[in-house]
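Accompanying notes for the structure given below.
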Amino acid sequence: MSWTLCDEPWPSVEVGGVLERAGQEWLHTNGAGAFSMSTVALMHTRRHHGLLVAALAPPLDRHVVLSHAEAEVVVGGKVWRLATHQFPNVAPTPGYRLLERYDQDPLPRWTYRLGAGRFERGIALCRGWNALVMSFLWHGPGKARLSVKPLMPLRPVHDLMKEHGAMVQRASMRQGEVEIRPVPSLPAITFRHDGVFVGSPDWWRRFEYLGDREQFTNFSEDMWTPGSFEFELVPGRPTVMTVAIGAHPPGSPAEQLGRAREYWLSRDPGPDQARTVRSLSIAAEAFVADACDRPSVIAGYPYYDLRTRDAVIAIPGLLLARGEPERAELVTRTLLSELRGGLLPERVAERPARRQAPSPDATLWLFELARHFVDRLGPSDPFVQRELYPALRRVYARVAGRRHRWVWVAPDGLVANGAEGHALTWMAAMVDGRPVSPRDGLAVEFQALWSKGCETLSGLARAAGDRGLADAALAACARARFAFRARFWCAETDYPFDCVSEIGDSEESWVDATIRPNALIALALDPALFERWQITALLRRVRDELLTPSGLRSLSPQDPRYRSHFEGRVVERDSSFHQGTAWVHLLGAYVHASLYEAPDDFERREELRLAVEAALTNGLAIGQLPQLADGDPPHRPRGSPAQAWAVGELLSALVELGV
């Protein structure tokens, strides 16, 4: 269970020394791409876990700088080792047996029972800085001693480190400060402390990541340490230590802790809101990286970066639904700056000069994002008119212009996409260079993005006084809707085709009647594409074949290609990505479409609320929503433990439901 079912929105876990309870993941971020993440036991199960995963080109170029801060507490001659690690062919080291509970209220905090005493450790990332504050607090009958040994792989987040002889072993020591630069290509790392540093550079070897073992042949790592920091613990008096790569943030460690705490407390919309809305509002903040020069949305943790499709879909829920249009404008402005030739790339590159392949569906989703801005701010808002509207005009000119290899308007007014060797819709998993779920021709959800997008553009053009464009876009909308109604309904399945060929009336025309959730996305985007009876039939099939307590299946279980479990090595997992796994974010489309069908049905609203809240209890990371789940019971959560569009879409759904 990933969410605490209580009145407070802050996640917590009662561990009681049980490793299974301590196996859930947690996440803490700094608003600029850096993050801390591990299991509650602090036993890393992924190579991406670490206490300080810094973003060296914020919010990207992430490196695992500080993986562990190995802690030992000595009380009256007895040594308590708090660490939990997995090494080859042995049981995990038993530090978890001392762990009573984990709380994130709002900063991550661990409480250990050490005999008659209690020891607390906490962390806080400094917003906008690659810096971590660690705090330690002892409650016991007398003084204690604490030893903290930093374990540092110092490598890119997707790599692994093996012992080598090139680490620079030199440390510069000043009063209350130790500076090291073991890897010359990385900035210097500075520790600030009020203890004693004992230099003893060495390697710790063969840490195993059990989560990686399921996917990769290599799942073992070595880590370097510069030595250890020794502190005297006085009962009730906090001990604080900071580590930063590059510059340190201003102020004392206590001030940095206070600022971090106040910021996260301010993310809670307050007790007047439902607990689910409060929890999702806090979860949403993890993905917003606007405390840097390239404000962005992180697609997912711990391994996804700046995927434009995910960002455009997530922004309405992450920010507009929380009443933060100014921040939404900042991250949208970064996306608009990436437009090239009227198309968005698949990703925002780590280096601005590095080109990415275009993404037709991310580009078309820009129209839907604009519609949300218009609904919130009005068509005459300065950002909408001066920045969004010109961008949409460029997209419209590109798509409606001459045919090219990425996306174009077919003769009947529908929109087509295709480029050899690329998967151009959100079902974009590739195996051996080929898409797992090829969707060539005219994809059903693209038509809704285009028709509704043209309607949105027409309204903006009219507000801007461009009557010619307003009329042309409205005509394009009408043509697309007319052609859609003529070609996309499958009488045999009582459900829309997932894809159809570009040319309808020819011997080479074809249709794909696969039952996927893309028709539901189309309905949620543009209900005007459907007649009333079609809406009822579509939603009935979705409820019967696609809806699960954790999301919507990407393929009907009646299909012989159905694969419900997302597991195994990379190729096996990618082969099942969109062949039956349940995607959490699609619950948002289900809510939007269902409310259109029955806006005044109180029982339906209650059903939808319960469906959304059921998904909140099935996660990998406490207080977050996963990317997907197995299509069959028990619907085990899979994929990315914290996914932006899952949180954004479900938060948006709850707001629409009036929760």
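The values are calculated or read from the model by the stated rules, or taken from the named source; none is laboratory data. Just so it is clear, the model here is predicted, and its values are computed rather than measured. Reconstructed Cβ throughout: ideal geometry from the backbone, glycine too, with neighbour counts over all protein chains shown. Accessible surface areas use protein heavy atoms only, side chains included; no ligands, DNA or RNA. Shrake-Rupley method; radii C 1.70, N 1.55, O 1.52, S 1.80 Å.
Note on Lys452: aspartates and glutamates with a C-alpha under 17 Å away, same-chain residues under 8 apart excluded, are Asp361, Glu368, Asp375, Asp412, Asp471, Asp526, Glu531. In terms of accessible area, using a 1.4 Å probe and ignoring ligands and nucleic acids, Tyr495, Tyr96 rank largest first as Tyr96, Tyr495.
Using a 1.4 Å probe, what is the accessible area per residue for region 152-230, in Å²? All intermediate terms of the calculation are to be shown ahead of the outcome.
Numbers: 3920 Å² over 79 residues.
Dividing the accessible area of region 152-230 by its residue count gives 50 Å².
Ignoring ligands, DNA and RNA, please state the percent of accessible area on region 476-624 from carbon and sulfur, probe 1.4 Å. All intermediate terms of the calculation are to be shown ahead of the outcome.
Details: 3100 of 6120 Å².
Using a 1.4 Å probe with all protein chains present, region 476-624 comes out at 51 percent carbon and sulfur.
Rounded to the nearest 10 square angstrom, His85 shows an accessible area of 10 square angstrom against a 1.4 Å probe.
Helical content alone sets the calculated 222 nm signal of the chain at -9000 deg cm²/dmol, taking -39,500 (n - 2.57) per DSSP H segment of four or more residues and averaging over every residue. Screening the chain for whole DSSP H helices with an alpha carbon extent of at least 15 angstrom along the helix axis and a mean Kyte-Doolittle hydropathy of at least -1.0 yields 253-266, 275-285, 325-337, 360-377, 389-400, 444-463, 467-487, 586-597, 602-615, 644-657.
Identify the GluC sites (Glu not before Pro) of region 453-511 meeting these criteria: DSSP loop state and at most 14 other C-beta atoms within 10 Å of the C-beta.
Numbers: sites: Glu455, Glu492, Glu502, Glu507, Glu508; in loops: Glu492, Glu502, Glu507, Glu508.
When the GluC sites (Glu not before Pro) of region 453-511 are filtered for loop state and at most 14 Cβ neighbours within 10 Å, Glu492, Glu507, Glu508 remain.
Against the criterion of solvent-accessible heavy-atom surface with a 1.4 angstrom probe, Ser594, Ser200 sort, most first, into Ser200, Ser594. Using modelled backbone amide H atoms (1.01 Å from N, in-plane), which distant-in-sequence or interchain residues come within less than 5 Å of Arg62's amide H? HN-HN under 5 Å from Arg62: Leu56, Val157. Relative contact order, whole percent, for the chain stands at 12, derived from Cα pairs under 8 Å and 6 or more residues apart. Using a probe of 1.4 Å, the accessible surface attributed to Leu320 totals some 10 Å² when neighbouring protein chains are kept in position. Measuring nothing but how far apart in sequence close Cα pairs (under 8 Å, 6+ apart) lie, relative to its length, region 183-320 scores a relative contact order of 18 percent. Region 534-616: which trypsin sites (Lys or Arg not before Pro) are DSSP loop and have at most 14 other beta-carbon atoms within 10 angstrom? Sparse-neighbourhood loop trypsin sites (Lys or Arg not before Pro): Arg561, Arg569. Under the combined filter of DSSP loop state and at most 13 neighbouring Cβ atoms within 10 Å, region 278-362 retains these trypsin sites (Lys or Arg not before Pro): Arg354, Arg355.
How much accessible area per residue does region 262-415 have, counting only protein heavy atoms and a probe of 1.4 Å, in square angstrom? It would help to have the intermediate numbers written out before the result.
Numbers: 5650 Å² over 154 residues.
Heavy-atom SASA per residue in region 262-415 reads 37 Å².
The heavy atoms of Tyr590 offer some 10 square angstrom of accessible surface to a 1.4 angstrom probe.
Counting heavy atoms of the protein chains only and a 1.4 Å probe, report the per residue accessible area for region 1-118 as a whole number of Å².
Working: 3920 Å² over 118 residues.
Result: 33 Å² of accessible area for each residue.
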